[in-house]
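Chemist: First the structure, which I've put down as C-alpha cells, then a few questions once you've had a look.
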Amino acid sequence: TPDSAKARYRRGIAKAELGDFSGAMEDLRAATAANPTDVGVRRELARVEALYKEHRAQENSTFGGVFDKMRQKDKEREEREEARKKAEAERETQRKVQEREQKRREE
C-alpha cells in the first residue's frame with residue numbers, strides 16, 4: 001500500500017541517519033518495490049548504499065591495520081617460542097653429551 005511504502009521510506013531515512021545502514025537499505029528497498037516509479041525513493045536508496053560502502057571502507061581501513069599488527073605480534077611470539085625451544089633442546093643435547101663424557105672418564 002502507498003501508506004506503508006511512505007512509512008518504510010521515512011523509517012529508512014531515520015535508520016540511515018542513526019547509522020543503521022542495513023536496516024535503512026532494507027526499508028528503502030521495500031519502499032522502492034512498493035512504488036518503483038518514485039525517483040526520490042530510488043535516489044535515497046542510492047545515497048544510503050553509497051554511505052554504507054563508505055562506512056565499510058572506513059571500518060576496513062581503521063581496523064585492517066589492527067589485525068595486521070595482531071598477526072605480526074603472533075608471528076613474532078611464535079618465532080620467539082620456537083627459538084626458545086630450539087635453544088632449550090640444544091642445551092639438553094649438550095648436557096647429555098657432557099654426562100656421557102663424564103661417565104666415560106669415570107670408567
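Chemist: Does Arg104 satisfy being surrounded by fewer than 10 Cβ atoms within 10 Å (Cβ to Cβ) and assigned to a helix (DSSP H, G or I)?
Modeler: yes
This table checks each residue for (1) aliphatic (A, V, I, L, M); (2) open to solvent by 60 Å² or more (accessible area, probe 1.4 Å); (3) in contact with a helix residue (DSSP H, G or I) (Cβ under 8 Å, 6 or more places away or on another chain); (4) in contact (Cβ under 8 Å) with a residue 12 or more places away in the chain.
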| position | (1), (2), (3), (4) |
| --- | --- |
| Lys15 | no, no, yes, yes |
| Leu18 | yes, yes, no, no |
| Phe63 | no, yes, no, no |
| Asp74 | no, yes, no, no |
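Chemist: When residues of segment 30-52 are filtered for being under 20 Å from Glu17 (Cβ atoms) and in a helix (DSSP H, G or I), how many remain?
Modeler: The qualifying residues number 16.
The values are calculated or read from the model by the stated rules, or taken from the named source; none is laboratory data. As the structure is a prediction and not an experimental result, all values here were calculated from the model. As a convention, Cβ positions derive from the backbone with ideal geometry for all residues, glycine included, and neighbour counts pool all protein chains shown. Note: accessible area is taken over every heavy atom of the protein model, side chains too, but ligands, DNA and RNA are not part of it. Shrake-Rupley method; radii C 1.70, N 1.55, O 1.52, S 1.80 Å.
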